[in-house]
1. Can you name the condition, by its number, that Ala344 falls short on among (1) aliphatic (A, V, I, L, M); (2) within 19 Å of Ala249 (Cβ to Cβ); (3) out of contact with any helix residue (DSSP H, G or I) (no Cβ under 6 Å at 6 or more places or on another chain)?
2. Name the single residue that is nearest to Lys115 (Cα to Cα) among those in the stretch 154-166 being in a strand (DSSP E or B) and open to solvent by less than 30 Å² (accessible area, probe 1.4 Å).
3. Looking at Ile196 and the list (1) of a type in the set (A, V, I, L, M); (2) buried (at least 16 other Cβ atoms within 10 Å of the Cβ); (3) assigned to a loop (DSSP other than H, G, I, E, B), which single condition is not satisfied?
4. Just to check your reading of the model, which residue among Gly133, Gly169, Gly121, Gly151 is small (Gly, Ala, Ser) and surrounded by fewer than 18 Cβ atoms within 10 Å (Cβ to Cβ)?
5. Name the residue that is most open to solvent (accessible area, probe 1.4 Å), counting only residues in the stretch 199-248 that are assigned to a strand (DSSP E or B) and among the aromatic types (Phe, Trp, Tyr).
6. Under 8 Å by Cβ, and 6 or more places apart or on different chains, what pairs join a residue from the stretch 193-206 that is of a type in the set (Asp, Glu) with one that is in a loop (DSSP other than H, G, I, E, B) and open to solvent by less than 40 Å² (accessible area, probe 1.4 Å)?
7. Tally up the residues in the stretch 252-276 that are of a type in the set (A, V, I, L, M, F, W, C) and part of a strand (DSSP E or B), please.
8. If I ask for residues that are at pLDDT 95 or above, among the β-branched types (Val, Ile, Thr) and in a helix (DSSP H, G or I), which ones from the stretch 95-140 would you list?
Amino acid sequence: MQEKKDSAQRSVLLIYTGGTIGMIENPETGALESFKFDHLLKHVPELKRFNYNIAAYQFTPPIDSSDMGPSDWAKLVKIISDNYEHFEGFVILHGTDTMSYTASALSFMLENLSKPVILTGSQLPIGMLRTDGKENLITAIEIAAAANPDGTPIVSEVCILFENELMRGNRTTKINAENFNAFRSYNFPLLAHAGIHIKYETHLLRKPDTARPMIPHYLLDANVLIFTLFPGIRPETVSAIFNAPGLRAVVMKTFGSGNAPQKEWLIRLITEATRKGIIVVNITQCLAGAVEMERYKTGQQLLSAGVIGGYDSTPESAITKLMFLLAHDLPVDEIRKRMNSNIAGEITKNS
């Protein structure tokens with residue numbers, strides 16, 4: 001770990017996992033390759049102008065975000081937990097492809113988080129002239145160090161900062177592979193916008209229970225899967241899904257407000273699965289909006305089959321929340337109850 005020390009300054013730990021922001025073009029092959037974190041700092045000399053202590057931790061070797069998974073999320077939790085008392089905030093540099101999955105998982109694994117954990121990255125390598133990485137990195141660090149007049153952090157949750165927008169991590173989805181505005185939070189407003197000044201929506205920010213410590217969790221159960229209903233889906237396909245070895249939970253992406261085809265075989269297979277203890281969570285295929293299974297007959301049949309409504313959860317949040325809850329050996333009824341509960345700002349409940 002590289003660090004600068006000054007007890008009077010606020011301290012930020014920069015965790016470099018990999019991704020496009022830390023890549024450089026090979027002049028011979030034209031391929032993008034990882035390079036050392038020292039080179040990242042070289043391309044952002046503005047970091048030296050911050051009046052913060054900035055320490056750096058680097059994954060060795062760096063990980064392409066397509067390869068990120070539960071063990072890497074646990075490693076991030078361990079790094080944050082081990083350094084929690086020494087830093088006011090944390091910035092994670094991460095590839096964009098699975099950033100929303102990582103942000104969602106960390107929001108559940110860092111229970112009662114009272115400090116900012118800001119994920120960011122870029123669409124272009126930071127060494128390129130038109131990179132978006134430099135501004136994303138600088139703004140993420142500024143937010144991670146931002147404090148109220150009493151010294152408490154302004155942000156106390158897991159967020160994604162991209163293209164001047166601060167979003168709750170477990171509300172985000174990657175929506176663009178080409179443009180700089182790569183992420184969107186469809187069902188929850190922005191937490192802050194960085195213009196000339198950074199304007200925080202303080203009424204939307206989560207408020208930690210300062211009387212309780214942050215509790216790190218490391219276990220996840222990946223015996224889950226996600227599938228999308230579509231016109232013409234075959235019984236054999238759905239049967240294979242629900243009979244996958246070791247399967248404990250399914251996120252089912254349905255039509256509109258939570259609707260499914262009125263097929264006898266489909267409801268029978270779902271009912272058989274839920275009776276075996278497999279948890280089935282219903283989320284909408286739509287980018288915005290929520291599941292309301294009571295609204296139409298095509299949704300009511302799923303309720304009767306034992307399906308849980310996922311409200312306005314993103315796929316990334318629903319799947320990582322299931323991984324988190326399943327790993328704690330809770331009874332099935334308790335997991336179903338907690339999937340219907342808002343535990344980290346991941347869903348909107350009207351009641």
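1. So Ala344 meets the others, but not (3).
2. Looking at the filtered set, the residue picked out is Val158.
3. (2)
4. Among Gly133, Gly169, Gly121, Gly151, only Gly151 is small (Gly, Ala, Ser) and surrounded by fewer than 18 Cβ atoms within 10 Å (Cβ to Cβ).
5. Going through the qualifying residues, I end up with Tyr200.
6. Glu201/Leu191
7. So the answer is 2.
8. If the condition is that a residue be at pLDDT 95 or above, among the β-branched types (Val, Ile, Thr) and in a helix (DSSP H, G or I), then Thr102 is the only one that fits.
The values are calculated or read from the model by the stated rules, or taken from the named source; none is laboratory data. This is a predicted model, so every value here is computed, not measured. Note that each Cβ is placed from the backbone with ideal geometry, even for glycine, and that neighbours are counted across all protein chains shown. We work out accessible area using only protein heavy atoms, side chains counted, and drop any ligands, DNA or RNA first. Shrake-Rupley method; radii C 1.70, N 1.55, O 1.52, S 1.80 Å.
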